[in-house]
Structure formats: structure tokens, C-alpha cells
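Asker: My structure is below; once you've seen it, I'll send some questions.
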Amino acid sequence: SIYQLLTDRFSDGDPTNNEAFASGFDVRDMTYRHGGDFVGLTQKLSYIKGLGCQAIWISPIFQNGPNMYHQYAQHDFTLLDRRLGTLEELRNLTSEAHRLGMYVIVDVVMNHMDNEFFFEGHQYSSTPFRFHGDTPAQREYKLMPRKAEAQCFDTPAGNQPYMDFWYNNSWDSEAQYQGLEYGQWGESVLDDGRGTYPGSDFHHNGDLHDYFKPWDINLGKIYGSMDDLRLEHPRVQAKYIAMTKALIASTDIDGFRVDTPMQVPLSFFKAWAPAVREFARSLGKERFAMFGEFYVSTPRYATMTGRGKDNTMYDSDRFIEGSSTLKGGIVYSYYWYTYTALVYERPEFADGLTLAYSKEAGMLDIVDPSTNRSEYAMWNFCNNHDNWRM
């Protein structure tokens, strides 16, 4: 079993780091930070072990803004959030967990960062989604930094809001999006349009409004407040892969829970997952874990489990071209079956695990490339941080 926690909300072992980066600490306000850190979590590992848990899954660890206690709005994928603790303290956490026979899984976000840009003409308003555009008035948007130039980082691409990922407002009328994208029903789409900003590390398409349109969910800015990375581009993939390897090597963690994979182009996972597995194996981690937040339809997460299957490949030995990607993910259908049984008094849904498994049979590739065995490895959570508790 796995114990999930938001580090900031768990245990404050070192009060001196509560405002080490920026303001936003106030235990009286549920929207502010409460001071939990690596030191406090390390002190509680024996308690978690005593509950019968073999692993902990902790919230993202990289530097966030003033009171982003959840840690999903990152500024830099190479810096730990100072309010959570130091690299030495995180290494102490993983070392103590391993001494107790436990694994440490870190929540990682690659789809988006913080909210350092607005789309031109929409600084204070929601932005309609755009895809390509035949005229200047219909084009994808220019990105406008929210910070003054003097507050930005000096980078090889000029002054930028982020140190390692850079925007570029140079329009290329012939550029296209690379690779197939997939929608909620496992359908694939290929870009047959023209015109975008290929020199930018970010998408310029506007806000994500329609989660059922393949291009919207892969390119749109989630909630209108988190800058969307251009993960289908090899340049951006290479940066994130390098940062991921540094994280594993410096912290000795055992796996990743991948945030919002349904909004990440599959081409990214086809590059990232095998690179991570190979690197982890070089460090003696033969079966490094990678599981996705499958808060999406079964046909969609079927495209990113194992080698992946689109909606033309079920009950067959055909797979999406390329390497295996995520080993599995959180089965939200299990949660909803259980929820329906309890809240709506529908006993026919009480056996949620069996129902979820039967729904997925024939849709998922469950072969583990490290063992060449079929291994059903979905996470079946009856509670999670995105839904009501039961």
C-alpha cells in the first residue's frame, strides 16, 4: 500500500524554513502554506510504516511561488523548494525510508509551470483557444511576460521569466505540430494545418476550455493559469529529460507519479520514459516506477499505458509505435464505482476493482519491458487528493 501526502500539510519539522523563499505562511488560512517539510516527514516515517504502508508518494518538490502549498506550479525543475528543505534533508528522507524497507515516489509535473505569461490582449480575461490561424487576427497568441524585464533571468535567449524554458514570439507560417495526438476516446489526430511558434518552449494557443478535443487538451493552458510547455518538441524533451536524470541521481528516489499525463503529448512519453528507465537502471534501479494520474477516460489512458493502444487496437496484438511509456496509473474508474455504490446506494457497483479490471481487459498493454511479463500494475485508490473523501 502507498501513503499519499502533501508535504506542506503533513509535519513541520523545521519552522525556520517556513518563509525561506517568499511569504505565504499562515496556518490559520487553508489557502496558505502550513510549514510541512522533509524533516517533519522523516520523523513520521516509522508511523507510516506502522500503518502497513510500503511506500510514500509525496507532492512535487521543486521551487513554487509564494503560497503554492500544493507544489504543482513550478518555477524551476532544478531547484528544490527551500520551504520544504535542503537536498541533504531530502536524501536523509529517502535513506531513512530505504532503511525501513520503504520506497519514495515523487510527484512530477511536466505539462505546465507557473503563471508567468498572459496571452496578448488577455491579461485579465479568459483566452479563447486558437490553433494555427490564417490571418494575424486569427493566429495563435504572442506570449507576454507578467514580470518587468528587470525582474527576469538573463539567459541565452535574452531576459526570460523562467531560467531554463524560454518563450519566442517569432511566427513561422509553415510550422506544424509534430507527431500524433490522442483524444478522450483513444482517437488519433495528425496536424494538417500550418503556422505556430516552433522556437518557443511554450504553447501559444490560449486557455484549455474543451477537454474532449484532442488539440485543445494537449496544447491549451490548464485553468488559464499554468504555462503549458511545448513537450512535443525534441528541444523541450531534451531539457526535461536532463532535469529528470539529475533528480534521480541526486535524491535516490524510487519512482514517479506523473501529473496530468492526459494533457501531455504521447511523443514526449515515448522519449522520456525509456530514457528515464535506462538511466535509473544505470544506478541500480532495475524497476524504477512511473505511474500516471489517469483522471481521464479508459480509452485515453490506454494510449499511454505500456506501448499504448488507440481505439483501433483493442483485443489485438497491435500497439502504438515506439517504446513503452507509463507502467500504469491511478484507476479513477475504481473510485467512481465505489463512490456510486456508497453515495447513490447502487450495490451493483460495490465490486469496483473487478468492474475496472474487466473494463480494461483487452484495452491496456500491461507487459513490463524490464521483465517481459504481463503485470497488471494500476493503482486502485479509494481516496485521493482530487476527489471527495469516502
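The values are calculated or read from the model by the stated rules, or taken from the named source; none is laboratory data. These numbers were taken from a predicted model, which means no experiment stands behind them. When we count neighbours, we look across all protein chains shown, and the Cβ atoms used for this are built from the backbone with ideal geometry, even at glycine. The accessibility values were calculated without ligands, DNA or RNA, using every heavy atom of the protein model including side chains. Shrake-Rupley method; radii C 1.70, N 1.55, O 1.52, S 1.80 Å.
Asker: Starting from the Cα gyration tensor of region 160-305, take the square roots of the eigenvalues, sort them a ≥ b ≥ c, and report rounded, prolate or oblate (rounded when a/c is under 1.5, otherwise prolate if a/b is larger than b/c, else oblate). Write out the running numbers ahead of the final one.
Answerer: Values: a/c = 1.93, a/b = 1.34, b/c = 1.44.
Cα axes put region 160-305 in the oblate bin.
Asker: Out of residues 5 or more away from residue 155 or on other chains, whose amide H comes under 5 Å of its own, with H placed 1.01 Å from N in the peptide plane?
Answerer: So residue 155 has HN proximity to 160.
Asker: Summing Lys, Arg as +1 and Asp, Glu as -1, what charge do residues with Cβ under 15 Å from the Cβ of residue 303 carry, residue 303 excluded?
Answerer: Once positives and negatives cancel, what remains is -2.
Asker: Multiply the residue gap between residue 359 and residue 336 by 0.36 nm, knock off their C-alpha separation, and tell me the result in nm, one decimal place.
Answerer: Working: separation 23, 0.36 × 23 = 8.28 nm, distance 1.32 nm.
Contour length minus Cα-Cα distance gives 7.0 nm.
Asker: Compute the signed sum of charges (Lys and Arg +1, Asp and Glu -1) over the other residues within less than 13 Å, Cβ to Cβ, of residue 136.
Answerer: For residues surrounding residue 136, the net value is 0.
Asker: Moving on to the next point. Ordered by packing density, taken as the mean number of other Cβ atoms within 10 Å over each peptide's residues, highest first, how do 243-249, 64-70 rank?
Answerer: Put in order of decreasing packing, that is 64-70, 243-249.
Asker: Moving on. Non-local amide H neighbours of residue 379 (under 5 Å, H modeled in plane, Pro and chain starts lacking H): which ones?
Answerer: 329, 330, 331
Asker: When ligands, DNA and RNA are left out and all protein chains stay put, how many square angstrom of accessible area per residue does region 1-43 have with a 1.4 Å probe?
Answerer: Ligands and nucleic acids excluded, the figure is 50 Å² per residue.
Asker: Apply the Karplus curve 6.51 cos²θ - 1.76 cosθ + 1.60, θ = phi - 60°, to the phi angles in region 38-43 and return the couplings in whole Hz, x for Gly and Pro.
Answerer: Rounded to whole hertz, the list is 5, 5, x, 5, 4, 5.
Asker: Note down the magnitude of the dipole of region 17-166 about its Cα centre, charges +1 on Lys and Arg C-beta and -1 on Asp and Glu C-beta and zero elsewhere, to the nearest 20 debye.
Answerer: The dipole magnitude comes to about 380 debye.
Asker: Can you tell me which of 129-138, 221-230, 26-35 comes out highest on packing, and rank the rest after it, using the mean Cβ neighbours within 10 Å?
Answerer: Working: 129-138: 13.0, 221-230: 19.8, 26-35: 14.5.
The peptides rank, most packed first, as 221-230, 26-35, 129-138.
Asker: Leaving out ligands and nucleic acids, and using a 1.4 Å probe, what accessible area per residue does region 173-313 come to in Å²?
Answerer: On a per-residue basis, 31 Å².
Asker: Could I ask something else about it? Which one, 36, 13, 54, is farthest towards the positive end of the dipole of region 8-55 when Lys and Arg carry +1 and Asp and Glu -1 on their Cβ?
Answerer: 54
Asker: Now for a separate question. Hey, which of these cross-link pairs are over 19 Å Cα-Cα: 270/309; 239/285; 245/270?
Answerer: Distance filter (> 19 Å) returns 239/285.
Asker: Let me ask something else. Report the label-to-label distance for residue 79 and residue 153 in nanometres (one decimal), using points 7 Å from each Cα along the Cα→Cβ vector.
Answerer: A separation of 0.8 nm, rounded to one decimal place.
Asker: Relative contact order, percent, of region 120-168 when contacts are C-alpha pairs under 8 Å separated by at least 6 residues?
Answerer: 22
Asker: While we're looking at this one, here's another question. Above 13 Å lies some portion of the pair distances; for region 336-390, what is it as a whole percent of all C-alpha pairs?
Answerer: 67
Asker: Spelling out what I want: for every residue of region 179-189, take phi, set θ = phi - 60°, compute 6.51 cos²θ - 1.76 cosθ + 1.60 (Karplus), and round to whole Hz; glycine and proline get x.
Answerer: x, 6, 10, 10, x, 4, 9, x, 7, 9, 9
Asker: Taking amide H positions as placed in the peptide plane 1.01 Å from N, state which residues far from residue 140 in sequence (5 or more) or on other chains have amide H under 5 Å from it.
Answerer: Counting only residues 5 or more places away or on other chains, the set is 132.
Asker: With a cut-off of 8 Å between alpha carbons and a minimum separation of six or more residues, what is the relative contact order of region 95-240 in percent?
Answerer: Relative contact order of region 95-240: 25 percent.
Asker: Still on this model: Restricting to Cα pairs below 8 Å that are 6+ residues apart, what does the relative contact order work out to for the chain? Please round to a whole percent.
Answerer: Relative contact order, the chain: 12 percent.
Asker: Pop a pseudo-label 7 angstrom from the Cα along the beta-carbon direction at both residue 46 and residue 387 and give the gap in nm to one decimal.
Answerer: For the pair residue 46/residue 387, the computed spacing is 3.6 nm.
Asker: Per q in 0.10, 0.14, 0.15 1/Å, what log10 I(q)/I(0) does a Debye calculation on the alpha-carbon atoms of region 228-385 return?
Answerer: The computed values of log10 I(q)/I(0) come out as -0.39, -0.73, -0.83.
Asker: Could you give the spread of the C-alpha atoms of the chain along their three principal axes, from largest to smallest, in whole angstroms?
Answerer: 62, 56, 47
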